[in-house]
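Enquirer: Please read through the structure below; I'll follow up with questions.
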Amino acid sequence: MTTPAPPLSTGFPHDHDLTDILQGRRMRRNRQTDWSRSLVRESTLTVGDLIWPIFLVEGTAIRQPVESLPDVSRMSVDEAVTATREASDLGIPAVALFPYTDPALRDESASEALNPQNLVCRACRAIKTSGSDIGVITDVALDPYTSHGQDGLMVGNEIVNDPSVAHMAVQSIIQAEAGADVIAPSDMMDGRVGAIRRALDGAGFSNTQIMAYSAKFASSFYGPFRDAVGSSATLKGDKRTYQLDPANGDEALREVALDVSEGADMVMVKPGLPYLDILYRTKQAFQLPTFAYQVSGEYAMIRAAAANGWIDEESAMMESLLAFKRAGADGVLSYFAPMAAQILNR
Ligand code: PBG
């Protein structure tokens, strides 16, 4: 017969008695009940924090699923009007528009970006005249329009800064003319915020806001977005000569500082969860309206894990969105916006 092992001892003077150690400081006291957890909660996510990015495609009555973005579809203008009305009814304050440009309209000089009748401009006009008072944010960058999928114009192998900025200043004016409330440059060329501000003011759009993608990193998490706008197929090379190196935080803050000095009304950090430190530092340093973009790859990861039964979709989604608020975001761009709004409203 074997003798039973003696009970394990922690070596504390009174085993299981932490009175001396805690001296009454029990953090768990406030966590006991729902009502108490609610009282001591520091951050909140509201529907008013959400911006919904949507994809546009030519045609009518079209909703074209994007395989790498479950439950996200490219929508024709009429469908986008319906969807934005629903979003507005849910209390979502703004949508961000991104076009899938017909491949035949993509060229070296991104000429379709300057067409006042392009998909984004038509959608913008349709949404703004549909009676809904939702805010419309339009993307300024050339990747949905170039045959090479880069955000700027190319000369040889170089993405040339200043000619790209000049092109995007005009792009901003035609979007403002179409009724865009907020111009959101996502291209990371130098000096574009100042050039866009000057162009808008010169064209009589001094009230048009600028939300700058100030700290945008050269990230692997944009893949599904590129599928949605069709630039996965066109993109040659990568975007590391203009988007930030994922290793650099101080440089990201310098980018934000420049955009602020050039006239950005709101700044953004992108992607989201992998860059919460940048978001936190940006808010701490500038105290400006600061947004996070939970990008396509982040959305796809949560959806894919949930589809496999590996995480709970709803709670993972809400936790990820709340994390942005805790880190200092005033709002979040997310493909989850309508799903999250429904949960917040119930
Ligand atoms: C390009 C642009 C990108 C995104 C928004 N605007 C992708 C890129 O830089 O290649 C990504 C958004 C997402 O992944 O959800 N101007």
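Each reported figure results from applying straightforward, stated rules to the coordinates on display, with no laboratory input. In this text, all values refer to a predicted model and were calculated from it rather than measured experimentally. Don't worry about glycine lacking a Cβ; one is built from the backbone with ideal geometry, like all the others, and counts go over all protein chains shown.
Enquirer: At R0 = 25 Å, how high is the FRET efficiency between ASP133 and ILE343 if r is their beta carbon distance? Nearest 0.05 is fine.
Expert: About 0.60, to the nearest 0.05.
Enquirer: Output wanted: per-residue J couplings in Hz (rounded whole) for the stretch 126-131, from phi through Karplus 6.51 cos²θ - 1.76 cosθ + 1.60, θ = phi - 60°, x for Gly and Pro.
Expert: In residue order, the calculated couplings are 5, 5, 5, 9, 8, x Hz.
Enquirer: Name the residues whose placed amide hydrogens come within less than 5 Å of the amide hydrogen of ALA94, ignoring near sequence neighbours (fewer than 5 apart) on the same chain.
Expert: Long-range HN contacts for ALA94: TRP52, GLY135.
Enquirer: If you average over every viewing direction, what projected area does the convex hull of the Cα atoms of the stretch 240-293 give, in nm²?
Expert: Taking the Cα atoms of the stretch 240-293, their convex hull projects to 3.6 nm² on average.
Enquirer: In whole Å, how far is the Cα centre of the stretch 304-345 from that of the stretch 137-198?
Expert: 30 Å
Enquirer: Same structure again: What is the Cα convex hull volume of the stretch 48-113 when expressed per residue in Å³?
Expert: Looking at the stretch 48-113, the number lands at 109 Å³ per residue.
Enquirer: Next up: When N is the residue count of the stretch 122-253, what does its C-alpha Rg come to as a fraction of 2.2 N^0.38 Å?
Expert: Relative to the rule-of-thumb radius for its length, the stretch 122-253 sits at 1.08.
Enquirer: Out of every Cα pair in the chain, what percent are spaced more than 33 Å from each other?
Expert: 31 percent
Enquirer: Explain nothing, just the number: relative contact order of the chain, from Cα pairs under 8 Å at least 6 residues apart, as a whole percent.
Expert: 17 percent
Enquirer: Can you work out ³J(HN,Hα) from phi for every residue in the stretch 174-189, in order, using Karplus 6.51 cos²θ - 1.76 cosθ + 1.60 and θ = phi - 60°, giving whole Hz and x for Gly and Pro?
Expert: Rounded to whole hertz, the list is 5, 6, 5, 4, 7, x, 4, 7, 10, 9, 10, x, 10, 8, 6, 6.
Enquirer: ³J(HN,Hα) across the stretch 252-265 via Karplus (A = 6.51, B = -1.76, C = 1.60, θ = phi - 60°), whole Hz, x for Gly/Pro?
Expert: Per residue, the Karplus-derived 3J(HN,Hα) values read 4, 5, 5, 4, 4, 4, 5, 5, 5, 5, 7, x, 5, 7 Hz.
Enquirer: Additional query: Note down the nm distance, to one decimal, between modelled labels 7 Å out along Cα→Cβ at TRP310 and at ASP102.
Expert: 4.1 nm
Enquirer: Same structure again: For the chain, which span is the longest to avoid every loop-located (per DSSP) member of GluC sites (Glu not before Pro) having at most 15 other Cβ atoms inside 10 Å?
Expert: Value returned for the longest uninterrupted segment is 109-346.
Enquirer: Could you list, in their original order, any pairs among LYS216/LYS325; LYS128/LYS325; LYS128/LYS283; LYS239/LYS270; LYS236/LYS270; LYS128/LYS270 whose Cα atoms are separated by more than 25 Å?
Expert: LYS128/LYS325; LYS128/LYS283; LYS128/LYS270
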